[in-house]
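Novice: Below you'll find the structure I mean.
The values are calculated or read from the model by the stated rules, or taken from the named source; none is laboratory data. Source: prediction; values computed, not measured. Quick reminder, even Gly has a Cβ in these numbers, built from the backbone with ideal geometry, and neighbours come from all protein chains shown. When the accessible area is computed, the model is the full protein with side chains, heavy atoms only, and any ligands, DNA or RNA have been set aside. Shrake-Rupley method; radii C 1.70, N 1.55, O 1.52, S 1.80 Å.
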Amino acid sequence: MKDAVSIAENVLSRKVSAVDITQSALTRIADRNNQLNCFTTITTETALQDAANIDQEIAGGKNPGVLAGVPFAVKNLFDIAGLTTLAGAKINAENPPATQDATAIKRLKKAGAVLLGTLNMDEYAYGFVTENAHYGTTHNPHDLNRVAGGSSGGSAAAVAGGLVPFTLGSDTNGSIRVPAALCGVFGFKPTYGRLSRAGVKLFSSSLDHIGHFANSVRDIATIFDVLQGEDEKDPVCTKRPISKSLPQINHDISNLRIAIADDYFTQNAEIDALKAVQQVANALNVSEYVTIPEAKIARSAAFIITACEGANLHLDKLKSRPQDFDFATRDRFLAGALIPSSWYLQAQRFRKWYGNQVREIFANVDIIIAPTTPITAPLIGQRTMILNGEEILIRPHLGLFTQPLSFIGLPVLSVPIQQENSLPLGVQLIAAPYNEALILRVAAILEKYGIIQ
């Protein structure tokens, strides 16, 4: 079973035990992880003990929660009590173990989910390919010669490869949505500040989100509802009331105004990526277009903010231990350290203006659709791609269509689109801040119509 909610229902009804579900997942990991390289740590003993505790609770008439017995894993920048939090870095392996779980993990465990371990990523979450110099490359389950995307590549591949039903990741410039698209799974990045980042190693504080991967809309909604809630340990975590999205998922979108992002979002994409958007538009009977102004500049500003904040966070180690960084990460951090402060301030000023412009669009539109990535998964080690007749670098440009959206914290779901004779692709469903439930309603329609892979 790859559906998390169905697993929980069967565990709660005692059709199957949480221990059996956990052992089955551990067997799949043992069989496939050598090929995929998703996991960096597997917590076998604690997972089996947690599963046994859940079975005992159910036998005693208690309800462990909506995710009872469901195995999951997390990007290795989430703190797990007793484990050292790597964040994809060699240097961090020398740190002492975390003393407590990240808030997101605590909430999932409270709902009955069983943690199986940590997942591979780009070093310090700075990348789109998960070709990690220290912990190896994560392979795409659809073609082992291709990347899984990044920086949450291990998280996406673990779901796509059937190792676990859902995973946690983080998204700064597209690090959930890019690997979700390339691996053919759902990748959800809620509104900035909607979910607690307490106990998560940050990359760029003013841009970092956490989110999750799964195989169905119902799973995405259920996990989102579990993760919601303010957290005093995360100063940017919203104090808005919890908005339960699952009850609001229905198949009526007749009152929703949906449009296709044009201009920037129709340029620099291979034909298959544009066809995927058109498939979604046709299924939803959408023909209206909207222009998100200055998206190209927004992406440039996002690069500046990311590089500056990331470099500042790691400046001491860049000075004292440059040889211990992944060279690709190190070079980008060093470049970020040289950016004038006036550029950073101007990028933040532009960010405010840009956010206001995009919010005006949402006064007339509820959902905007756009491609997630410009291409399908590139080959491992491939450095460049051709778009519009121009050869450009792959690593920075897989986030062409994701960066202008996370830059202002919009909620976005990348949905996997079914295309014949093609590697997976994703389409982004974008809404105004805190309108996650609208996104999930549209995704449910696409799932019903069989548009989603």
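Novice: If you check every pair at least six apart or on different chains, which have Cβ atoms under 7 Å apart with a residue in region 402-419 that is more than 15 Å from Tyr192 (Cβ to Cβ) and of a type in the set (Val, Ile, Thr) first and a residue that is assigned to a strand (DSSP E or B) and at pLDDT below 95 second?
Specialist: Val415/Ile452; Ile417/Ile452
Novice: Could you please find all residues in region 318-334 being in contact (Cβ under 8 Å) with a residue 24 or more places away in the chain and either in contact with a helix residue (DSSP H, G or I) (Cβ under 6 Å, 6 or more places away or on another chain) or not in a helix (DSSP H, G or I) (or both)?
Specialist: Our first condition is that a residue be in contact (Cβ under 8 Å) with a residue 24 or more places away in the chain; within region 318-334, this holds for 321, 324-329, 332-333.
Within region 318-334, Arg321, Asp324, Phe325, Asp326, Thr329, Phe333 qualify.
Novice: Does Asn132 satisfy the criteria of being at pLDDT 95 or above, under 20 Å from Phe203 (Cα atoms) and touching a Gly at 6+ places or on another chain (Cβ under 9 Å)? Reasoning before the result, please.
Specialist: Working: at pLDDT 95 or above: yes; under 20 Å from Phe203 (Cα atoms): yes; touching a Gly at 6+ places or on another chain (Cβ under 9 Å): yes.
So Asn132 fits the description; yes.
Novice: Restricting the search to region 335-368, which residues are under 14 Å from Ile305 (Cα atoms) and not in a helix (DSSP H, G or I)?
Specialist: Keep residues of region 335-368 that are under 14 Å from Ile305 (Cα atoms), which gives 335-352.
Once the filter is applied, which keeps residues that are under 14 Å from Ile305 (Cα atoms) and not in a helix (DSSP H, G or I), region 335-368 yields Leu338, Ile339, Pro340.
Novice: Taking Ser170 as the residue in question, decide whether it is out of contact with any Phe, Trp or Tyr (no Cβ under 7 Å at 6 or more places or on another chain) and among the hydroxyl-bearing types (Ser, Thr, Tyr). Even if it seems obvious, please write down each step before you answer.
Specialist: Numbers: out of contact with any Phe, Trp or Tyr (no Cβ under 7 Å at 6 or more places or on another chain): yes; among the hydroxyl-bearing types (Ser, Thr, Tyr): yes.
Yes: the conditions hold for Ser170.
Novice: Please specify each residue of region 369-401 satisfying the condition of being in contact (Cβ under 8 Å) with a residue 12 or more places away in the chain, in a strand (DSSP E or B) and of a type in the set (A, V, I, L, M, F, W, C).
Specialist: Ile369, Ala370, Leu379, Met385, Leu387, listed by residue number.
Novice: Continuing with this model, one more query. So, in region 402-448, how many residues would count as being of a type in the set (Val, Ile, Thr), touching a Phe, Trp or Tyr at 6+ places or on another chain (Cβ under 7 Å) and not in a strand (DSSP E or B)?
Specialist: Filtering region 402-448 for residues of a type in the set (Val, Ile, Thr) gives 402, 408, 412, 415, 417, 427, 430, 439, 442, 445.
Then drop every residue that is not touching a Phe, Trp or Tyr at 6+ places or on another chain (Cβ under 7 Å), which leaves 408, 415.
This time we only want the ones that are not in a strand (DSSP E or B), so: 408.
Number of matching residues: 1.
Novice: Quick check on this structure: which one of Ala98, Ala111, Ala87 is touching a Lys or Arg at 6+ places or on another chain (Cβ under 6 Å) and in contact (Cβ under 8 Å) with a residue 60 or more places away in the chain?
Specialist: Values: Ala98 fails: touching a Lys or Arg at 6+ places or on another chain (Cβ under 6 Å); Ala111 fails: touching a Lys or Arg at 6+ places or on another chain (Cβ under 6 Å).
Criteria check complete, one pass: Ala87.
Novice: Checking the structure you have, find out if any residue of region 74-92 is assigned to a helix (DSSP H, G or I), in contact with a strand residue (DSSP E or B) (Cβ under 7 Å, 6 or more places away or on another chain) and closer than 29 Å to Ile380 by Cα. Working first, answer last.
Specialist: At the first step, the residues of region 74-92 found to be assigned to a helix (DSSP H, G or I) are 91-92.
Now narrow it down to the ones that are in contact with a strand residue (DSSP E or B) (Cβ under 7 Å, 6 or more places away or on another chain): none.
Within region 74-92, not a single residue is assigned to a helix (DSSP H, G or I), in contact with a strand residue (DSSP E or B) (Cβ under 7 Å, 6 or more places away or on another chain) and closer than 29 Å to Ile380 by Cα.
Novice: Out of all the residues in region 262-319, which are of a type in the set (Gly, Ala, Ser) and open to solvent by 70 Å² or more (accessible area, probe 1.4 Å)?
Specialist: Step one: list which residues in region 262-319 are of a type in the set (Gly, Ala, Ser), which gives 269, 273, 276, 281, 283, 287, 295, 298, 300-302, 307, 310-311.
Selection gives Ser287 alone.
Novice: For Arg14, indicate whether it is part of a helix (DSSP H, G or I), of a type in the set (D, E, K, R) and touching a residue at least 40 places away in the same chain (Cβ under 8 Å). Break it down into steps so the answer makes sense when it comes.
Specialist: Numbers: part of a helix (DSSP H, G or I): no; of a type in the set (D, E, K, R): yes; touching a residue at least 40 places away in the same chain (Cβ under 8 Å): yes.
Considered against the rule, which asks whether it is part of a helix (DSSP H, G or I), of a type in the set (D, E, K, R) and touching a residue at least 40 places away in the same chain (Cβ under 8 Å), Arg14 comes out as no.
Novice: Is there a residue in region 158-169 that is assigned to a loop (DSSP other than H, G, I, E, B), in contact with an Asp or Glu (Cβ under 7 Å, 6 or more places away or on another chain) and open to solvent by 10 Å² or more (accessible area, probe 1.4 Å)?
Specialist: If we filter region 158-169 for residues that are assigned to a loop (DSSP other than H, G, I, E, B), which is where we start, we get 161-165.
In the following step, the residues that additionally are in contact with an Asp or Glu (Cβ under 7 Å, 6 or more places away or on another chain) were identified as 165.
Still in the running and open to solvent by 10 Å² or more (accessible area, probe 1.4 Å): none.
No, region 158-169 has no match at all.
Novice: Another one. Among the residues in region 335-346, are any open to solvent by 10 Å² or more (accessible area, probe 1.4 Å) and touching a Gly at 6+ places or on another chain (Cβ under 7 Å)?
Specialist: Taking every residue of region 335-346 in turn, none turns out to be open to solvent by 10 Å² or more (accessible area, probe 1.4 Å) and touching a Gly at 6+ places or on another chain (Cβ under 7 Å).
Novice: For region 250-258, indicate whether the set of residues that are open to solvent by 80 Å² or more (accessible area, probe 1.4 Å), closer than 30 Å to Asn421 by Cα, out of contact with any helix residue (DSSP H, G or I) (no Cβ under 9 Å at 6 or more places or on another chain) and modelled with pLDDT of 95 or more is non-empty.
Specialist: Taking every residue of region 250-258 in turn, none turns out to be open to solvent by 80 Å² or more (accessible area, probe 1.4 Å), closer than 30 Å to Asn421 by Cα, out of contact with any helix residue (DSSP H, G or I) (no Cβ under 9 Å at 6 or more places or on another chain) and modelled with pLDDT of 95 or more.
A quick yes/no check of all residues on (1) of a type in the set (Val, Ile, Thr); (2) surrounded by fewer than 16 Cβ atoms within 10 Å (Cβ to Cβ):
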{"site": "Val19", "(1), (2)": "yes, no"}
{"site": "Thr22", "(1), (2)": "yes, no"}
{"site": "Phe39", "(1), (2)": "no, no"}
{"site": "Ala52", "(1), (2)": "no, yes"}
{"site": "Gln56", "(1), (2)": "no, yes"}
{"site": "Ala59", "(1), (2)": "no, yes"}
{"site": "Pro64", "(1), (2)": "no, no"}
{"site": "Lys75", "(1), (2)": "no, no"}
{"site": "Leu83", "(1), (2)": "no, no"}
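The rows are residues; the columns are (1) open to solvent by 20 Å² or more (accessible area, probe 1.4 Å); (2) outside any helix (DSSP H, G or I); (3) touching a residue at least 24 places away in the same chain (Cβ under 8 Å); (4) not assigned by the TED database to the domain that holds Ile297.
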| site | (1), (2), (3), (4) |
| --- | --- |
| Ser205 | yes, yes, yes, yes |
| His212 | no, yes, yes, yes |
| Thr222 | no, no, yes, yes |
| Val236 | yes, yes, yes, yes |
| Lys239 | yes, yes, no, yes |
| Lys244 | yes, yes, no, yes |
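Novice: Give all pairs with beta carbons closer than 6 Å in which a residue from region 188-199 that is more than 14 Å from Ile176 (Cα to Cα) meets a residue that is of a type in the set (Gly, Ala, Ser) and assigned to a loop (DSSP other than H, G, I, E, B); count only pairs at least 6 apart in sequence or on separate chains.
Specialist: So the pair list comes out as Gly199/Ala102.
Novice: Let me ask you something else. Inspect region 85-95 for any residue being at pLDDT 95 or above and more than 30 Å from Lys317 (Cα to Cα) and give the result as yes or no. Steps first, answer last, please.
Specialist: Taking region 85-95 as the starting set, the residues that turn out to be at pLDDT 95 or above are 85-95.
Checking which are more than 30 Å from Lys317 (Cα to Cα) leaves us with none.
No, region 85-95 contains no residue that is at pLDDT 95 or above and more than 30 Å from Lys317 (Cα to Cα).
Novice: What are the residues in region 298-319 that are touching a Gly at 6+ places or on another chain (Cβ under 9 Å) and either outside the structural domain of Leu334 (by the TED database) or of a type in the set (S, T, N, Q) (or both), if any?
Specialist: Thr306, Asn312
Novice: Within region 397-419, is there a residue that is farther than 21 Å from Asn356 by Cα, open to solvent by 20 Å² or more (accessible area, probe 1.4 Å) and polar (S, T, N, Q)?
Specialist: yes
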